[in-house]
1. Among the candidates A:E168, A:E211, A:E173, which residue alone is of a type outside the set (G, A, S), within 14 Å of chain B (Cβ to nearest Cβ) and touching a strand residue (DSSP E or B) at 6+ places or on another chain (Cβ under 9 Å)?
2. Scan the range A:394-408 for residues that are under 20 Å from A:F74 (Cα atoms) and either in contact with a strand residue (DSSP E or B) (Cβ under 7 Å, 6 or more places away or on another chain) or within 7 Å of chain B (Cβ to nearest Cβ) (or both) and jot them down.
3. Output the qualifying pairs, or none if there are none: Cβ atoms under 6 angstrom, residues six or more apart or on different chains, first residue in the range A:395-406 and farther than 21 Å from A:Q244 by Cα, second residue part of a loop (DSSP other than H, G, I, E, B) and of a type in the set (F, W, Y).
4. Does B:A125 satisfy the criteria of being closer than 12 Å to B:A184 by Cβ, in a helix (DSSP H, G or I) and of a type outside the set (D, E)?
5. Can you give me the number of residues within the range B:274-321 that are over 27 Å from the mean Cα position of the chain (by Cα) and in a helix (DSSP H, G or I)?
6. Could you say which residue among B:D354, B:D332 is over 27 Å from B:A199 (Cα atoms) and not polar (S, T, N, Q)?
7. Specify which of the listed residues (A:L121, A:L154) is in the same structural domain as A:A29 (by the TED database), in a helix (DSSP H, G or I) and surrounded by fewer than 23 Cβ atoms within 10 Å (Cβ to Cβ).
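The values are calculated or read from the model by the stated rules, or taken from the named source; none is laboratory data. Source: prediction; values computed, not measured. Heads up, the Cβs are rebuilt from the backbone with ideal geometry, glycines too, and the neighbour counts pull from every protein chain shown. Side chains are part of the model used for accessible areas, which takes the heavy atoms of the whole protein and leaves out ligands, DNA and RNA. Shrake-Rupley method; radii C 1.70, N 1.55, O 1.52, S 1.80 Å.
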Amino acid sequence: MVESRAAAVQELRARFAAGQTRPAEWRAAQLRGGLRMATEMEAEICDALHADLGKPKTEAHVHELSLIKSSCLFALKNLKKWMKPQKVPAKLMNFPSTARITPEPLGLVLVISAWNYPLLLSLDPVIGAIAAGNAVALKPSEGAPAMSSLLAELLPRFVDGTCIKVIEGGVKETTALLNQKWDKIFYTGNSRVGRVVMTAAAKHLTPAVLELGGKCPVVVDSNVDLHIAAKRIAAGKWGCNNGQACIAPDFIITTQAFAPKLLESLKKVLEKFYGKDPLLSADLSRVVNASHFGRLKGLMDEEMVSDKIVFGGQRDEQQLKIAPTIFLDVPLDSAIMKEEIFGPLLPILTVDKIHESFGLINSMAKPLAAYLFTRDSELQNQFEGAISAGGMLFNDTSIHLTNPYLPFGGVGESGTGAYHGKFSFDAFSHRKAVMNRGFAGEARARYPPYSAPKLKILKGVLEGKLGDMIQAILGFPRGK
Amino acid sequence: MGAPVAINGPIGERAITCSHSQWSTGAAEQSERVRAESMGSMVASVEEIGAAAAPQAVERRLGELRATFESGRTRPLSWRQSQLRGLLRLLADKEEEAFRALHDDLGKHRAEAYRDEVGVLTKSANAALREIGKWAAPEKVWVPLVAFPASAQVVPEPLGVVLIFSCWNFPLGLSLEPLIGAIAAGNAVALKPSELAPATARFLEENIGEYLDATAVKVIQGGPAVGEQLMEHRWDKVLFTGCPRVARVVMAAAVKHLTPVALELGGKCPCIFDAVAGRRNLQTSVNRVIFAKWSSCAGQACIAIDYVLVEERFAPTLIKLLKSTLKRFIADSDQMARIVNGRHFQRLSNLLKDPAVAASILHGGGLDAKNLSIEPTILLNPPLDSAIMTEEIFGPLLPIITVKKIEDSIAFVRARPKPLAVYAFTDSAPLKRRIVEETSSGSVTFNDAVVQFGVDTLPFGGVGQSGFGQYHGKYSFEMFSHKKAVLRRGFLVEAMLRYPPWDEQKIAMMRHLFRYDYVRFIFTFLGLRR
């Protein structure tokens, strides 16, 4: 029986207020439930991913199921440590006192997921929210309907459905949800809807994490192991939901001299991965729906771009499949270079000298990830210093997202906030400062009536002068 | 002329202490002169403000900030350190001017001005200078074996060009404390001081450009119109200190460019006053309550004690001690800041106009409109639905609310929006634990109040209605930084199982790898060989 949205949110609020989500045992039980779900329901989950996206079973395992499982395990392992208050030095001038930072849940969290990694992007934030002790409402993307209904059906079986709720729906339902008051909103998706989310958040002064996207550039130097570089680029681009991933390489920048070699290598690798007719390969996700298919077709068919195709270009509208397609030197003002591609199209831009790539990247919005292939460590350091991105990876693509010790999130147009590992716990916690003072060491100098001697002691205390602190503690200046 | 308005009323056994003597004619005359000067300077600065904030001028200056940041000028540690040193020199050289400005704007005594603003800033800038190397250094993080060979780091980088909206009550501190963090993090900064504290705004405009790098740090004057114009632009971060109403406007405007914001708001900070044992500790507690209510900008502070909760039977003791200590501490109006302007004075007066509220006044209640000064006022159990108990007071009026058992305070606090701070004076460890676990607030301080502000190892910021985002100490640095994840891989070891075409063997190996189960992985891997 589907309860009304308002009733659902009300129950979350009541349960949180009653303290149901606070004990470590409850949180651990939910995490174990999530782990069991990812283990026992593998087949159903893979089927849903295949129905929604044509996602190959391997990708379903490696990019979604495995990551969810390791997320649960990592949170379970570290939960007690993360929950523990952290003592901090309290400063001599406040002697005697102790100080600590106590993490506490924010309260009600709304997680709005995306369609391209519909399991991962739904559950990974939820794992963080639960570990931090919140009550959670999850709104899976309606763009992946099979996964959405699977989550709605499965989650209540494996976790506490009174405090963790799946609320399905499209734009209307999401808007209604956004009008409620949340203590934190976590949104994964595009910047247009990101703005809608932020506007709603502003009404209630709700903090939000926005995991958006951008055009993730790959700069390829000539000083590389070309075959390995090509494989890693291909794996990151087409091996990630056929390019429909926020951290998939969006476009390549390389030197004019090196481009032909890179192209040759990419072609070889693509044939090895997907065979002579990629539209027949079971290892390529399809385009998610007709609307995106039309969008990508438009990018490919734009006049100034369609004659720049150097590989691929095949498409099957019926099956919603587009083959890996590479373009060479498309104009910078083409649509394919102005918006995030989110598909299997890969433009290669060429420059004279590799350093020119820096200026080009910096002329665009800050991306979620920036990649550079080179053995030249000096070039790497310059890239690191000159380019701002959510994350940065040298000589590989995408995999930084699997390291739970690295914060995952954007900057500028690619988003705000980060998660994964402890960063997830922190994203859904309030760091409460707790200070405990003693009654000894009463500093008269603090209080009115003010006087020059008092001011002198205050100055000394604030400048850390021990002598003045001692005087302050001993109650100088005497008298008033 | 200059005679304070006293509010009298029948309260049964409670007598109103209307301490006229505090607001003597002499003091009133002096205050009037000060106030007249402020008015004059306020008028002058409105004109200046108008001129400085002409739209084209603002555009040009913002463009300069962006160009400065893009040039990389603000990135080197040496530049950041030079700015922090410049700030320290400013605070030292211009201390008298700063005291004068704060006295003009708010009637702050120099001791208060030093203790709460100049002194705190000096401490913060020194700490930033000491720690900046550590804060700015990349942090190595662990990489799972499966990614071998690889190295991973979290690298802090400046966000770019940031905007700081300051507030009028600590006009120097709330401008420069965030500035310290923004500069330490390597950003270019636009600072918009509050137009309601014009002397300090002018002080900042005149001196920031002299002591700091004027191409990278700019003071932009003006009122709401200028604030709106600023928010049309793209910023890499905006910090807003002020009230929720304006915060909503700022956050809504930030949507346009997806600008990340931090909001330092306020709330009604409760003080739970338990029956502290021992006369000395009790007196100390009362001293600290007075300090936190009246001694910090006359209660016009986001972390001032807003109201007190005390057990019924203990209330008389507390009230008696408050009154007697107030007499000693705040004998005349010089010892306390004044109300910032006529509008806020009116707002506070109106809180007392409600007859039920007026009837609950036990002490004080004297209003001096000419000098914008209000006596320290204590009320006992005003109606809970009156404005004084539903809005943030932000002034020298202290309601005392009695409860049957002190533990009842917890439910009282929980039923209300999360404040910036919760205070409790108590010896009871169980009560302390319950307060920490069952209430939520920016911070909790036991047996003192307001002092947590100066502890820069503690993050300072709100939660819920009191805001989001934290600063002070290294948290200031982090507020204005992006922590960039950087992973470096080599070409040496290549895991074939990463790539299509896929098969069950590869899936099995990956399962093991993702569980960091290297033994099973090796077996499966060897199985592949056979």
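1. Values: A:E168 fails: within 14 Å of chain B (Cβ to nearest Cβ); A:E173 fails: within 14 Å of chain B (Cβ to nearest Cβ).
Step by step, each of A:E168, A:E211, A:E173 is checked, and only A:E211 is of a type outside the set (G, A, S), within 14 Å of chain B (Cβ to nearest Cβ) and touching a strand residue (DSSP E or B) at 6+ places or on another chain (Cβ under 9 Å).
2. A:I399, A:H400, A:L401, A:N403, A:Y405, A:L406, A:P407, A:F408 - these are the residues of the range A:394-408 that are under 20 Å from A:F74 (Cα atoms) and either in contact with a strand residue (DSSP E or B) (Cβ under 7 Å, 6 or more places away or on another chain) or within 7 Å of chain B (Cβ to nearest Cβ) (or both).
3. From residues that are farther than 21 Å from A:Q244 by Cα, the pairs are A:Y405/B:W142.
4. Considered against the rule, which asks whether it is closer than 12 Å to B:A184 by Cβ, in a helix (DSSP H, G or I) and of a type outside the set (D, E), B:A125 comes out as yes.
5. So the count comes out to 15.
6. Exactly one of B:D354, B:D332 is over 27 Å from B:A199 (Cα atoms) and not polar (S, T, N, Q), namely B:D354.
7. A:L154
Table: residues versus (1) more than 14 Å from chain A (Cβ to nearest Cβ); (2) on the phi > 0 side of the Ramachandran plot.
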residue	(1), (2)
B:L62	yes, no
B:G72	no, yes
B:P76	no, no
B:L84	yes, no
B:L91	no, no
B:E95	no, no
B:A127	no, no
B:E139	no, no
